[in-house]
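Trainee: Sending over a structure as structure tokens; questions will come in a sec.
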Amino acid sequence: MRLPNLHKLSVKTRLAIAMGAMFVPLVVLAGGALFYFEKGINAFGKIENQALEVLFPLADLEALIIDTSKPVKDYMIDGNQIARNDFFRNSQEINRTFAALLNVPSNLPAQKKLLQASQRQWQETLAIGQTIFAYADPATNSHAAQAAEQFYNRNSQVVSNLDKLYKQLTDFQINESLRQAELAKQQVRIIVAIAFLLGVSMAIITSTIMVRSIVEPLSVLEKGVAQLGSGDFSYRISLANQDELGQLAAAFNLMIEKLQQSQTALKNLAILDELTGLYNRREFNSQLKNELERSGRFGHYFSLLMLDIDYFKKLNDTYGHQVGDLALQTIAALLKQEFRALDVVGRYGGEEFVVILPETSAFSAYTVAERIRQLISNSALFTNEQQTINVTISGGVATFPIDGGTQEALIYAADQALYAAKRSGRNQIIMYGSLTVKKIF
């Protein structure tokens, strides 16, 4: 006699069809599996919420601290009072974020210590910043220049400490997720073992039906738990069942998908600039270090392009920060579109963009940059009020190893070329090789 399609029957119906003696062990199996999977889902959700409660504000805090260097730099150049206001506004937001993070409970004893140490360092940095903004003419004041150098150094130390804390919290989340996965795997195995011992006496009679309808799907579920325990968040359970086990597989897949999305979001948060979607400064510096090592090892050259939106402060003051953000997003989208897939495009801070051009000479990099400059200059920016605004960029090109053999030297060279373009009237690209400057690296 042909057996009915068991995948369309509930577990209880199949147990009744099989034998009453098998009812108890299989209920233990199904109920225990459901319980521990639900417990595992709740544990993963709790871990994710705890991590997001700290990691997102921590990333925002680090970005704010990095951004404080820009108004200090601007004030040192021309004593701009707008830069002073930006600095103190950022400082207030940083203090509020520190206070909020210190009030969040943590399972890491070292977290609060490191956060308090970072806060103390920031307060020292803030005091130096306040000293700088007290100078009326900082550009010609040697004391102001010394204070600015101290500010940059201490600011970097604060960011470094926050980087350490971010890594500790990320590692903790991953380890805790793996621990929960391992615990769920062990609990499911215990349930399977109990069910097997209770049902072994009837296994010979019911094996033909039960292996196909229950044990095999459970093996698939257990394999999914094992894959999760090994850290494979891309694995999905494939079950065609329309019963409780199929629902359990769907719930498991949903849990893994959410965890994978959370991991991806955390990774993107760590490496991407939130406004433009380009690499942030920390990730760009890491990519630049890798390219220096690769090009140095193989004896190849590459170029570094540094771009800056002209009169960006005037654009913000005239049309508002929303239009300024729109300009940043529009130019970022254009850069991603126009550069090659192997090029590395990042936002260096404020209105500055940087691009690594592997296997590209200085002249080729200049040609590409000039094309981009003309494209931006000829493009119109549409505001929400249906106004059209034209923005321009200035840029500097430096090439490894001709213009610099280290990360600091190459960034310095590109920055010098950029400032030469600014001083020469803006809306132009200048190669560092065309300048007569003293190299300091």
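Readers should treat all values here as calculations from the given coordinates under stated rules, not as data from a laboratory. Bear in mind the structure is a predicted one, so any value in this text is a computation, not a measurement. Positions of Cβ are generated from backbone atoms using ideal geometry, with glycine treated the same way; all protein chains shown enter the neighbour counts.
Trainee: Starting from the 7 Å offset along Cα-to-Cβ, what nm value, one decimal, do you get for the label separation of ILE190 and THR406?
Mentor: In this crude spin-label approximation the distance works out to 5.8 nm.
Trainee: Further, regarding this structure: Summing Lys, Arg as +1 and Asp, Glu as -1, what charge do residues with Cβ under 12 Å from the Cβ of LYS314 carry, LYS314 excluded?
Mentor: Values: positive: LYS313, ARG426; negative: ASP310, ASP317, GLU351.
Net of charged neighbours comes to -1.
Trainee: Assuming R0 = 25 Å, can you tell me the calculated FRET efficiency for the pair SER156 and HIS300, based on Cβ-Cβ distance, to the nearest 0.05? Show your work: numbers first, answer last.
Mentor: On the way: r = 30 Å, r/R0 = 1.19.
Here the calculated transfer efficiency is 0.25.
Trainee: May I pose another question? Report the extension gain between SER424 and SER361 in nm, rounded to one decimal, defined as 0.36 nm multiplied by the number of residues separating them, less their alpha carbon distance. Mind dumping the intermediate values first?
Mentor: On the way: separation 63, 0.36 × 63 = 22.68 nm, distance 2.35 nm.
Working it through step by step, the gained length comes to 20.3 nm.
Trainee: Ok, one more. Give, as a single signed number, the net charge of other residues whose beta carbon lies under 14 Å from the beta carbon of ASP86, with Lys and Arg counted +1 and Asp and Glu -1.
Mentor: Details: positive: LYS70, LYS73, ARG84, ARG89, LYS313; negative: ASP67, ASP74, ASP78, GLU93, ASP317, GLU351.
Value of the local net charge: -1.
Trainee: Could you list, in their original order, any pairs among LYS73/LYS289; LYS112/LYS167; LYS113/LYS164; LYS313/LYS422; LYS73/LYS422; LYS70/LYS422 whose Cα atoms are separated by more than 19 Å?
Mentor: Details: LYS73/LYS289 24 Å; LYS112/LYS167 14 Å; LYS113/LYS164 12 Å; LYS313/LYS422 14 Å; LYS73/LYS422 15 Å; LYS70/LYS422 17 Å.
Cα-Cα > 19 Å for LYS73/LYS289; rest within.
Trainee: Tally Lys/Arg at +1 and Asp/Glu at -1 over every other residue whose Cβ is under 14 Å from the Cβ of GLN157; what's the total? Could the numbers behind the result be given before it?
Mentor: Details: positive: ARG120, ARG154, LYS164; negative: GLU62, GLU124, GLU149, ASP163.
Combined, the nearby Lys, Arg, Asp and Glu give -1.
Trainee: Which of the peptides 80-93, 297-310 is most tightly packed, and how do the rest follow, going by the mean number of other Cβ atoms within 10 Å of each residue? Let's see the in-between values first.
Mentor: Details: 80-93: 15.9, 297-310: 19.6.
Per-residue mean Cβ counts within 10 Å order the peptides as 297-310, 80-93.
Trainee: Can you compute the modelled spin-label distance between ALA333 and GLU293, with each label point 7 Å from Cα toward Cβ, in nm?
Mentor: Each label point lies 7 Å from its Cα, and together they span 3.6 nm.
Trainee: In nm, what is the difference between 0.36 nm times the number of residues separating LEU197 and ALA226 and their Cα-Cα distance?
Mentor: On the way: separation 29, 0.36 × 29 = 10.44 nm, distance 2.20 nm.
Result for the pair: 8.2 nm of gain on full extension.
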